[in-house]
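The values are calculated or read from the model by the stated rules, or taken from the named source; none is laboratory data. Because the structure is a prediction, the values reported are computed rather than measured. Please note: Cβ atoms are built from the backbone with ideal geometry, for glycine as well, and neighbour counts cover all protein chains shown. These area figures cover heavy atoms from the full protein model, side chains too; ligands, DNA and RNA do not enter into them. Shrake-Rupley method; radii C 1.70, N 1.55, O 1.52, S 1.80 Å.
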Amino acid sequence: MYSREIKRVGLQAVRSIDLSDLKLYLASVTIVGGPYKEIGRAGVIEHPQEYKLRASVAYKKTDALR
């Protein structure tokens, strides 16, 4: 139910990246979810939604010569 692993960095899947020459950083962490509203036939309908954390990951290539 909960994902606790990094699946993508940029547009690439982590499985396809050689992580030995990259440093990963958290670029942002945002809380998403909670109650939201949508328009129905008879008016506005409010729905609950679970809260989730959405993390964005940045990377920096390390110098291979060090």
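Figures for the structure shown
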{"read-out": "Long-range amide H partners of Val57 with built H, under 5 Å", "value": "Gly10, Ala27"}
{"read-out": "Straight-distance crosslink candidates among lysines, where the alpha carbon sits under 17 Å from Lys61 and sequence neighbours closer than 8 are dropped", "value": "Lys23"}
{"read-out": "Given (1) 36, 18, 17; (2) 63, 22, 12; (3) 66, 19, 19, the label whose value is Cα extents along the principal axes in Å derived from this model", "value": "(3)"}
{"read-out": "In Hz, Karplus ³J(HN,Hα) per residue of segment 21-27 (6.51, -1.76, 1.60; θ = phi - 60°; x = Gly, Pro)", "value": "10, 10, 10, 9, 9, 6, 7"}
{"read-out": "Sequence-separation-based contact order of the chain, relative, with Cα cut under 8 Å and 6+ spacing, percent", "value": "37 percent"}
{"read-out": "Candidates Tyr25, Tyr36, Tyr51, ranked by Gaussian network fluctuation over the chain, Cα under 10 Å, top entry", "value": "Tyr36"}
{"read-out": "Accessible carbon and sulfur surface of the chain relative to its total accessible area, %, 1.4 Å", "value": "53 percent"}
{"read-out": "Vicinal HN-Hα couplings computed from phi for segment 4-14 (Karplus, 6.51 cos²θ - 1.76 cosθ + 1.60; Hz; Gly/Pro x)", "value": "10, 9, 7, 9, 9, 10, x, 9, 9, 6, 4"}
{"read-out": "Spin-label pair Glu50/Gln12, simplified geometry with 7 Å Cα→Cβ offset, distance in nm", "value": "3.1 nm"}
